[in-house]
Amino acid sequence: MDPALTYGLAVLSGGVVGLLLAVFGGGGSVLATPLLIYLVGVRDPHVAIGTSAAAVAVNALVGLSVQARAGRVKWPCALVFGAAGLVGSLAGAQLAKQLPGETLLLWFAVAMALIGGSMLLPRKDAGDPAVHLTAGLTARLAPAGLVTGLAAGFFGIGGGFLIVPGLMAATGMTLAHAAASSLVSVALFGAATSTSYAASGLVDWPIFAALVVGGGAGVFAARPIARRLEGRADLARRAFALMVIATAGYVAWRSLS
């Protein structure tokens, strides 16, 4: 494929992921790897996962800076969860690199289907906005973070669809605080996963740069779209979830065939 076309498609892919992340939140980054493989033409699934994980980390840092300025991040809880998950993400990435590419893609399709299914579940915002870290919360946060990080590192995804409910279940914080605080873990897990892959030469840095550029444009373009969808947010989210599930079926079919 012509390099100019390759990088142009990578920018487009980043734009799609950035737009979906900005409009729908958790779950959007899971489309980055399939787009890199089937649209951009990255042949090695490991390179696609490592490269997308690096881009996810950057996107999460940008979002985190916005949420931190708004005062929505529960830093003590977020850091305990993220620190425990950091260990898990490194272990998960190391395990994934040992698997054949097609086997990894099949497991990735399973993860996509679960993410899509989780997005179809009703979301509740009930919780304590004044929650603070205690010894009891730490005992619940650390194991939850470890398991979530393991999954995020293995699949090379941000893991927001697991982190948000994990934070809410372990601490009782509100959905808004959990979504903001989850970005600490998403950034840490993405950075750890991509670092592990980069150490093995499995990150395409020019493609990564194109994804980041496209992601920034996608976030900017999402603002008017998000405003228009405010009255139909549930319907739009369900449509997006069904698209993720359909993509999972396609990835599974391609990996098996």
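For L35, all conditions in the list (1) buried (at least 21 other Cβ atoms within 10 Å of the Cβ); (2) assigned to a helix (DSSP H, G or I); (3) in contact (Cβ under 8 Å) with a residue 60 or more places away in the chain hold save one; what is the number of the exception?
(3)
Yes or no, residue by residue, for (1) charged (D, E, K, R); (2) surrounded by fewer than 19 Cβ atoms within 10 Å (Cβ to Cβ):
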position: F161; (1), (2): no, no
position: T171; (1), (2): no, no
position: A180; (1), (2): no, no
position: L188; (1), (2): no, no
position: S196; (1), (2): no, no
position: A217; (1), (2): no, yes
position: R223; (1), (2): yes, yes
position: S257; (1), (2): no, yes
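Could you grab me the full set of residues in segment 39-69 that are small (G, A, S) and in a helix (DSSP H, G or I)?
Within segment 39-69, A48, G50, S52, A53, A54, A55, A57, A60, G63, S65, A68 qualify.
If you go through segment 70-89, how many residues are β-branched (V, I, T) and assigned to a helix (DSSP H, G or I)?
Of the residues in that region, 2 qualify.
Kindly indicate whether any position in segment 240-253 is outside any loop (DSSP other than H, G, I, E, B), surrounded by fewer than 19 Cβ atoms within 10 Å (Cβ to Cβ) and polar (S, T, N, Q).
No - not one qualifying residue is present in segment 240-253.
Values quoted throughout were computed directly from the atomic coordinates according to the rules given, and no laboratory measurement underlies them. Please read these numbers as outputs of a predicted model, since none were measured by experiment. Glycine also receives a Cβ, built like all others from the backbone with ideal geometry; neighbour counts cover every protein chain displayed.
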